[in-house]
Amino acid sequence: MSEPKRAPHHGGTVFAQCIKAHGVQYVFTLTGGHIAPILIGCEALGIRVVDVRDEATAVFAADAVARLTGIPGVAIVTAGPGLTNTITAVKNASMAQSPLLVFGGAAATLLRGRGALQDIDQLELMRPLVKWAVSVSKVSDIVPTITKAFAEASSGVPGPVFVESPLDVIWPRSVVEQEMVSSTSSSSSIFSLNGITDRVLQAYIRHHVSRMFAGLGEPVKCVPIAPRVLQAAPRTVTQAATELLRAARPVLVIGSQTMALPSQVPDIVAAVSSLGIPTYLAGMARGLLGQNHPIQFIHNRGTALKDCDLVILAGLPQDFRLGYGRSISRRAFIISANRSQRDLTLNRSPSLGVLGDPGRFLIDLAETFSTAVRALKTTNELPGNRWSKWLEINREQNNAREKQIDKQANEPSDRFCNPVAVVKVIEEMMSPNAIIVADGGDFVATAAYVVRPRRPLSWLDPGPYGTLGVGGGFAIGAKVARPDGEVWLLYGDGSSAYSIAEFDTYRRHNIPVIAVIGNDAAWMQMYRGQVEFFGSDVATTLEFTDYQDVATAYAGDAAVGFVVREISELRPALQAAKDALKQGKSALVNVLIGKTSFRKGSISV
C-alpha cells in the first residue's frame, strides 16, 4: 500500500470528515474514478478503507458491521454498474433491517442526460430499495445530507440509505474548472450549444462551479443527530405484564430486530433471564443467552407455539418463519413488539400490539413484571413455580430432539461424510470467541440445528430475504469489527462461489478467517425436492470441486487449504485451520459430504 499524500481539500474530504464524525472506523469499497476523492479523504483521516472484489461484498461487509456495532455501515461504490452490482445486497439489508449508507458515484452534474460514462438515473433505481435516496448537488449540502442520512438509517425501522455523490461535487475545484472551462474553447466541446458563444458558456460554467464549491475550505461542523427510536407506551407494558401473570404456558420468541441497539444487549439478557419463560431465538438473536441457558430451547418451537397459552414475539413478524401466523395456537394470547407498524400486524393481528423497540420493551416488561410478582401474597402464586412444569415439558422435548440428532449423526451417508456428524464436530471445535457466518442452503440449515453461538451478536445470516453470497462480505465485516474474534464462515458448495474470491481480500487486508464448505456437489436444497416431485435433477448438480485450491490460488501463502473425505480427517483439519488462524492465515476446509434423510421434506420456496 502506497504512503498517502496530504489530501487536497475537496468535496471528498468533506464526505470523509462527516463519515468519521459519525463514529465510522472503516468503509468498504470497490474503487472507481467517480469515488476516488472520498476514498482518498477517508485514508487521510485514518478511516480504514477495505477494498473488495465485488460491490455486493462491500455492502454485505457494511451490513455485518452495522449488525455487530449498531453504527451504520458504509459502502462506497462507483457509478452505474458499480451501483447496480449492489442491488441484491442493498435489498437484503432492507429486509434484514440493517442500518447502512451506500455512497454511489455519479456523472458530473452538468453532464447528466448527455451520454456521460455510466450515467443512469440512479435515484429512481434505488428509491424502492432504501429508506431515503438523495443526490448531493453542491459542497455546502454534503454535511447536512450525510448527517440526515446517518440518522435516517438508524431511526424507526433501521435500513439502508443511498447518497449519490456526483463527480464534480467531490473532485478538487481546480480539476473541475480545468476540465469544464477548458473544454469550451473549441466548437467540438461537449458543452457547446447552438446559439450560445463560448464566452457566455464559460461564464455560466464558472458561475455553476462557484455555486457548487461555495463554502469549501471552511471548518466542517458535522454534529450527529440522535436517531428516532419509538419506545413502547407504558400502558402496553403494564398490560403485557398483567397477561403474563395470568399465563400458565408462556413462550418468548426473539428476533433480529431486538438486537438493533447492541448497547442495550446486556440489559436484554438480564431481562429475559429474569422473566424465566421458555425462550426461542431467531436470526441475529441467536447466541443472546449463550450456549446452554436453562430457559433457552433450540428445537420443537412449533410444538411449543401450538401448546402455549401466551406468546411474546419480540422483533419477529408472523411471516413464513411462523407459518404466516398459523404456527401459533388460535387460543393463545399474542403479544407482539415491533418497530414496524406493518410487521406488527402482518398476516395475523396480535392480541396486544406494542409499537416500539422490542429490546427496550423486554427490559421494561421484566421490570414491571418483577414489581407485580413481588406484590403476590404467597410463594405458590409466583409464576416461576407455575411455569416449572411447562419449562420441564419443553426441556424434555428439546432433549429428545437432541438425542435424535445424535443418532442421525452416527448414521452412514451414501458416501463421504455425514453432514450432521460434520456440523457436530464444528460445534465442538469452535472457540468461545467464535463469530459464525452462515451462507448456504441445506448444509447451513443443518448446521443451524447443531451449532450454538457462544455469546450475543456472534451469529450472522442473511435474514428473511434468504440471500446466497453474503459469506465473504459478512466475514470481512465481522473480522474488521471484532479483530479478536474467531470468524467461522460456513458455506454450502453452491453459495461459496459467490464470494470465494474474497480470499484475495483476506490476504491483502490481513483479515484471517476459517471457511468450511459442506460439499455435496449439488444445490441440495433444490435437488432433494425437485427429484422427489418431478423426477429430474436438471440444474441442481455440481461437481466435487477442489475449492481449497481455489482459495489458496487467490490468497497464496496467506491461506491454507484442506480436503476432508472421511469424518476421521475432520478434527485434524479444523485444528490445523485454527492453528493457521493464530498465525494470521486464512483457511478453507473443503468437506465432502453425502446425502442423508436429515432434512427430508424441506422445500425451498
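Numbers at a glance
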| quantity | calculated |
| --- | --- |
| Charge dipole (debye, nearest 20) of region 487-605; +1 at Cβ of Lys and Arg, -1 at Cβ of Asp and Glu | 420 |
| FRET efficiency, 1/(1 + (r/R0)^6) with R0 30 Å, evaluated for Arg508 and Ser210 via beta carbons | 0.15 |
| Nearest 10 degrees, 0 to 90: helix 358-374 Cα axis against the chain principal axis | 40 |
| Extension reserve of the Asp557-Ser137 stretch, reckoned as 0.36 nm per residue once the Cα distance is removed | 146.6 nm |
| Cα-based helix-to-principal-axis angle, 87-96 vs the chain, degrees rounded to 10 | 40 |
| Pair Gln583, Ala270: separation of 7 Å Cα→Cβ label points (nm) | 4.5 |
| Heavy-atom accessible area order for Asp364, Asp520, largest first, 1.4 Å probe | Asp364, Asp520 |
| Heavy-atom accessible area ranking, 1.4 Å probe, most first, across Met430, Met526 | Met526, Met430 |
| J(HN,Hα) series, region 565-573, from Karplus relation 6.51 cos²θ - 1.76 cosθ + 1.60, nearest Hz, glycine and proline x | 10, 10, 4, 5, 8, 6, 4, x, 5 |
| Cysteines in the chain that, by Cβ-Cβ distance, have no pairing candidate under 4.7 Å | Cys42, Cys308, Cys417 |
| Zone of Gln341's modelled label, taken as backbone nitrogen in region 145-182 under 20 Å from a point 7 Å along Cα→Cβ | 152-160 |
| Separation of the Thr242 and Ser351 label points, Cα + 7 Å toward Cβ, nm | 1.3 |
| Members of Lys221/Lys479; Lys424/Lys595; Lys403/Lys479; Lys20/Lys138; Lys91/Lys138; Lys20/Lys148 lying beyond 26 Å, as alpha-carbon distances in this model show | Lys221/Lys479; Lys403/Lys479; Lys91/Lys138 |
| Cβ-based charge dipole, region 53-188, positive-most Cα from Gln122, Gly105, Val161 | Val161 |
| Approximate spin-label separation Thr545-Ala448, in nm, with each point projected 7 Å along Cα-to-Cβ | 2.4 |
| Accessible area in square angstrom per residue, region 330-458, 1.4 angstrom probe | 46 |
| Positive-end extreme of charge dipole, the chain - chosen from Ala89, Val451, Ser329 (charges on Cβ) | Ser329 |
| Accessible area in square angstrom per residue, region 56-169, 1.4 angstrom probe | 27 |
| Two-site FRET efficiency, Phe533 against Lys407, from Cβ-Cβ distance with R₀ of 41 Å, rounded to 0.05 | 0.90 |
| Modelled label reach - Arg374, point 7 Å along Cα→Cβ, region 244-276 residues with backbone N closer than 20 Å | 244-246, 267-276 |
| Dipole of region 499-594 [Lys/Arg +1, Asp/Glu -1 at C-beta], most positive-end residue of Tyr554, Gly584, Gly529 | Gly584 |
| Region 497-605, accessible area per residue, ligands and nucleic acids excluded (1.4 Å, Å²) | 47 |
| Backbone HN-Hα couplings from phi across region 26-42 [Karplus 6.51/-1.76/1.60, Hz, Gly and Pro as x] | 8, 10, 10, 7, 10, 5, x, x, 5, 10, 3, x, 5, 5, 4, x, 4 |
| Apportionment of accessible area to carbon and sulfur, the chain, percent (1.4 Å) | 52 |
| The chain: relative contact order in percent, alpha carbon pairs under 8 Å with at least 6 residues between | 12 |
| Virtual paramagnetic centre 7 Å along Cα→Cβ of Glu566, amide N under 13 Å, in region 412-442 | 416-417 |
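The values are calculated or read from the model by the stated rules, or taken from the named source; none is laboratory data. Note that this is a predicted model, so its numbers are computed, not measured. For neighbour counting, all protein chains shown are included, and Cβ atoms are generated from backbone atoms with ideal geometry for every residue, glycine included. When the accessible area is computed, the model is the full protein with side chains, heavy atoms only, and any ligands, DNA or RNA have been set aside. Shrake-Rupley method; radii C 1.70, N 1.55, O 1.52, S 1.80 Å.
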